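This report refers to the structure that appears directly beneath it.
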Amino acid sequence: MAPRLDLAFVRSHFPAFKEPSLAGQAFFDNAGGSYACQAVIDHLDQYYRETKLQPYHLHPAAQKAGAQMDLSHERLASYLNVKASEVHLGPSTSQNTYVLAQAFGKILKAGDEIIVTNQDHEANIGVWRALEVRGIVIKEWQVDAKTGSLDINDLETLFTERTKLLAFTHCSNIVAEINPVAEICTRAKAKGVATVVDGVSFAGHGLPNVDALGADIYLFSLYKAYGTHLGVMVIRDAMADKLGNQAHYFNKAYRQKWFVPAGPDHAQVAASRGVLDYFDALHDHHFDATDSGAEKAQRVRNLFHDAEQVLLAKLLNFVDQHPRLTLLGTADPAKRAATVSIIPKGQTPQELAQKLVDQGIICGAGHFYAVRLLEAMGVDTSTGVVRLSFVHYTNDEEMDQLIEALDKALS
């Protein structure tokens, strides 16, 4: 029998739950950025105190700084089941996709095709659409206007011999439906099409096995997965070789610098390993087995999933049955991540969100950079939706607080 997540142990690793100014505040804006775990904060503090200098230089402190940065790449790679050289840590996912688009723009020819969806966050849409000025043809894999879902059979009609790239999301930051990434990547690969997968809205619920997914490139934001404000970008070696060095020419020998032309944020990179320290501690607290990073990642992901599903089912049931709420996306918790977007009747999303905030619910309202998705679903993008998002450290009392606040705000 799978162990149940020990929430007391989990929450002990997050200083925010001991912060007096946040007492009584239920955090339901995790899709915008999660709380940072203690290990990350400790590593960041240590770096600034002990090794805030140019890493990799001759002094022992510089050598220590570089070793800490290397360790973060290695630890992330282990959990993601890829090579350390395939992990790139840039300023943000938006910046990482911009660098990628510039790289692809150099190797694609006029008339080549890129498929994007209208389900994605704009960071994984806009940079590819911008290549139209170079003669690249952009095709759109469109969602169902009612459900916001992507039909994989529709994708088959978009592939041609000129299709070079498919960019899509692991799960939407609005409708939250989890797409069958491995199947999509398999179909794309059969057509000779490269894949870029935006995992920003998925990774906070457990780091994926990127090798098993089959994506050529996988991206997510570490600050939405308990870490520092960095974008993690996995580029498999074969794809990196095709794209080539995007940084200073004299750094060609250093693969991890190729796709971070601005240079790494040394302290944040070094502190990133704290996320994996936390995951290791979580794993070892719940399991006796000592396995590789990928196997640990699967166990931790299962812990997160099982804990979130119970609370997600409770919230979805309330929202789906409430006469004054419209739920975007499926009401089946098994098919989605723990992000719930709603539109109230009789008041704007901003008005509802303010009423929730006044009752100690941390949440937001707007389009959340998914403008094309909301337009496709007939939602007013000037007001957008109320988005309620949580992760494994959310407890029953906070979910009850949210539902009670919603009930009061809608009455």
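The values are calculated or read from the model by the stated rules, or taken from the named source; none is laboratory data. These numbers come from a predicted model, not from an experiment. Using ideal geometry, Cβ is built from the backbone for each residue, glycine included, and neighbour counts are taken over all protein chains shown. What goes into the accessible areas is simple: the full protein's heavy atoms, side chains included, and nothing from ligands, DNA or RNA. Shrake-Rupley method; radii C 1.70, N 1.55, O 1.52, S 1.80 Å.
Looking only at residues of segment 178-202 that are under 17 Å from the mean Cα position of the chain (by Cα) and not in a helix (DSSP H, G or I), we find that the one that is surrounded by the fewest Cβ atoms within 10 Å (Cβ to Cβ) is 180.
Could you identify the single residue in 64, 52 that is assigned to a loop (DSSP other than H, G, I, E, B) and in contact (Cβ under 8 Å) with a residue 12 or more places away in the chain?
Answer to the check: 52.
Within segment 11-21, the set of residues being surrounded by 13 or more Cβ atoms within 10 Å (Cβ to Cβ) and either of a type in the set (Phe, Trp, Tyr) or farther than 27 Å from residue 283 by Cβ (or both) comprises 14, 17.
Which of the residues that make up segment 81-124 are in a loop (DSSP other than H, G, I, E, B), in contact (Cβ under 8 Å) with a residue 60 or more places away in the chain and either more than 28 Å from residue 367 (Cβ to Cβ) or of a type in the set (Gly, Ala, Ser) (or both)? Spell out how you get there, then give the answer.
Of segment 81-124, the ones in a loop (DSSP other than H, G, I, E, B) are 81-83, 91-92, 108-112, 118-121.
Filter once more, so that each one left must be in contact (Cβ under 8 Å) with a residue 60 or more places away in the chain: 81-83, 91-92, 118-121.
Scanning segment 81-124 gives 81, 82, 83, 92.
Look through segment 203-234, keep the residues that are within 27 Å of residue 157 (Cα to Cα) and in contact with a strand residue (DSSP E or B) (Cβ under 9 Å, 6 or more places away or on another chain), and return whichever of them is surrounded by the fewest Cβ atoms within 10 Å (Cβ to Cβ). Only one residue fits best here, namely 214. All conditions in (1) of a type in the set (Ser, Thr, Tyr); (2) touching a Gly at 6+ places or on another chain (Cβ under 6 Å); (3) not in a helix (DSSP H, G or I) hold for residue 78, with the sole exception of (3). Under the condition of being in contact with a Lys or Arg (Cβ under 8 Å, 6 or more places away or on another chain), assigned to a loop (DSSP other than H, G, I, E, B) and open to solvent by 10 Å² or more (accessible area, probe 1.4 Å), the residues counted in segment 370-403 number 2. Taking the criterion of being among the acidic types (Asp, Glu) and closer than 23 Å to residue 110 by Cβ, the residues of segment 134-169 that qualify are 140, 161.
Of the numbered criteria (1) surrounded by 12 or more Cβ atoms within 10 Å (Cβ to Cβ); (2) hydrophobic (A, V, I, L, M, F, W, C); (3) not in a loop (DSSP other than H, G, I, E, B), the one residue 8 fails is (1).
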